[in-house]
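What follows is a single structure, written as structure tokens, with notes after it.
Read-outs throughout are calculated quantities, based only on the coordinates presented, and are distinct from any laboratory measurement. All values reported here derive from a predicted model rather than from experimental measurement. Every residue, glycine as well, gets a Cβ built from its backbone with ideal geometry; the counts of neighbours run over all protein chains shown.
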Protein chains: 2
Amino acid sequence: MAEKTDLSRLNCSLAGALSIVGDWWSLLIVRDALLGVQRFGEFRQSLGLARNILADRLRRLVADGILSREGPEQRPLYGLTVKGRALAPALLALMQWGDQWVSKEGPPVVVTDSGGREIDPFTLQAGGRQLGYGDLRFQPGAGCQPDTRTFLAEMAKRPRDA
Amino acid sequence: MAEKTDLSRLNCSLAGALSIVGDWWSLLIVRDALLGVQRFGEFRQSLGLARNILADRLRRLVADGILSREGPEQRPLYGLTVKGRALAPALLALMQWGDQWVSKEGPPVVVTDSGGREIDPFTLQAGGRQLGYGDLRFQPGAGCQPDTRTFLAEMAKRPRDA
DNA sequence: CTGTATCCTTAAAGATACTG
DNA sequence: CAGTATCTTTAAGGATACAG
């Protein structure tokens, strides 16, 4: 979207993820796919976006290995790949946040397991132990650039609240 | 971003969440805030975006109750509110996905607890029990519109794999 | 039904100069 | 330092007609 800055150059996995599914439609398409939507027309009806935009997004998602495109060339079925399904936690975490902090009249959709039990809210844990926000620490990883490294070191010095 | 369609009309908590933090920069700003970034100039240096854009995003995030703006009017400190911190799971889930499926040379940043233990990968659970992708079900919730309800019912009939 | 091709409008983002 | 004001560029998205 008027993307002058290439997010992928930001040395960050979040930016990497956003550069793939960070636009307005991609995650909603994945959500639909998770629901069971498979056809071009169904996505279109569900999301109400223009044909060319949907075509572009589907092409991109297939190219990025998030969707598969199978069946007759003229009437293909789209489905989530393993990589695409792996987006489920991020997607549902975002939904949970929306449920709790944005939706006014109760959640429009409740996500459950096959027995009807609601999906547990995602929480921060490490080694099985529950974490508070103030326990979070950011360390340089294997792919860390020098400037990011000094940046992290600088930030790590700051006192953390809560 | 050329947002012709108002996402908030899509009866979905995901769309609701995306209409607030679904643009290219907002989540990255929240990430920086999570890291400890507090000042206008620091955000600017870290993200490399234009002044006016940053000002706009900060204003929006404050208006949406995600960031607080405190301290001297001329040199304010920005910090995450409770609502803002609540984005951490979604944000980290997205980072984890990026780490696993996008980053090439190892994660640039590793998130740990104060003891240095890595944050556990987010997984689907219900009632404490681990779930597979195929166990997910979507049910109409309290705020569900009639058309969404029929749509969900239609999709629920489909066979689910994996 | 599933796209492609084309045109058009809008607005998001960048750059820069300026102000308190 | 933390913005605001203004200008320009560019691209994303919508609409529609058409094709396989």
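For the residues of B:37-50, the average number of beta carbons from a partner chain within 10 Å of their own beta carbon is 2. Its residue count N sets the reference 2.2 N^0.38 Å, and the alpha-carbon radius of gyration of chain A equals 1.25 times that reference. Averaging 1/r over every pair of different alpha carbons in the range B:97-158 and inverting the result gives a Kirkwood radius of 15.5 Å.
Distances between equivalent label points of A:Gly132 across the copies, with each point positioned 7 Å along Cα→Cβ, amount to 3.9 nm, shortest listed first. Scaled against the 2.2 N^0.38 Å expected of a compact globular protein of N residues, the Cα radius of gyration of the range A:36-102 reads 1.23. The charge dipole of the range A:37-117, taken about its Cα centre with unit charges on the Cβ atoms of Lys, Arg (+1), Asp and Glu (-1) only, comes to about 220 debye.
Specify the inter-centroid distance of the range A:132-160 and the range A:52-100, based on alpha-carbon positions, in whole Å. The range A:132-160 and the range A:52-100 have Cα centres spaced 32 Å from each other. Ordering B:Ile53, B:Ile66 by the number of other Cβ atoms within 10 Å of each residue's own Cβ, fewest first, gives B:Ile53, B:Ile66. Per-residue shielding of A:121-134, expressed as the average number of other chain Cβ atoms within 10 Å of the residue Cβ, stands at 5. Dipole check for chain A: with +1 at the C-beta of Lys and Arg, -1 at the C-beta of Asp and Glu, and the Cα centre as origin, the magnitude is about 280 Debye.
For B:Glu73, inter-copy separations between label points set 7 Å beyond Cα along the Cβ vector come to 6.8 nm, shortest first. Length gained on full extension, B:Glu105 to B:Asp147: 10.6 nm, using 0.36 nm per residue less the C-alpha separation. Secondary-structure-derived ellipticity at 222 nm for chain A, considering helices only, amounts to -12500 deg cm²/dmol, per-run term -39500 (n - 2.57) for DSSP H runs with n ≥ 4. Near A:Asp120: Cβ cut-off under 14 Å, other residues only, Lys/Arg at +1 and Asp/Glu at -1. The net charge is -3. In this simple spin-label approximation, A:Glu154 and A:Ser114 carry label points 7 Å from Cα along the Cα→Cβ vector, and these lie 5.2 nm apart.
An ellipsoid equivalent to the protein assembly as shown, defined through the eigenvalues of its Cα gyration tensor, has semi-axes of 32, 21, 20 Å when rounded to whole angstrom and sorted largest first. With contacts taken as Cα pairs under 8 Å at a separation of at least 6 residues, chain B carries a relative contact order of 14 percent. Computed over chain B with a Gaussian network model linking Cα atoms closer than 10 Å, the most mobile of B:Leu58, B:Leu67, B:Leu47 is B:Leu47. Working from label points 7 Å from Cα in the Cα-to-Cβ sense, the B:Asp6 to A:Gln125 distance is 4.0 nm. Sorted from nearest, the other copies put their A:Pro146 label points 6.6 nm away, the label point being 7 Å from Cα in the direction of Cβ. Among B:Leu49, A:Leu67, A:Leu87, which residue has its Cα furthest toward the positive end of the charge dipole of the protein assembly as shown, with +1 on Lys/Arg Cβ and -1 on Asp/Glu Cβ? Result: B:Leu49.
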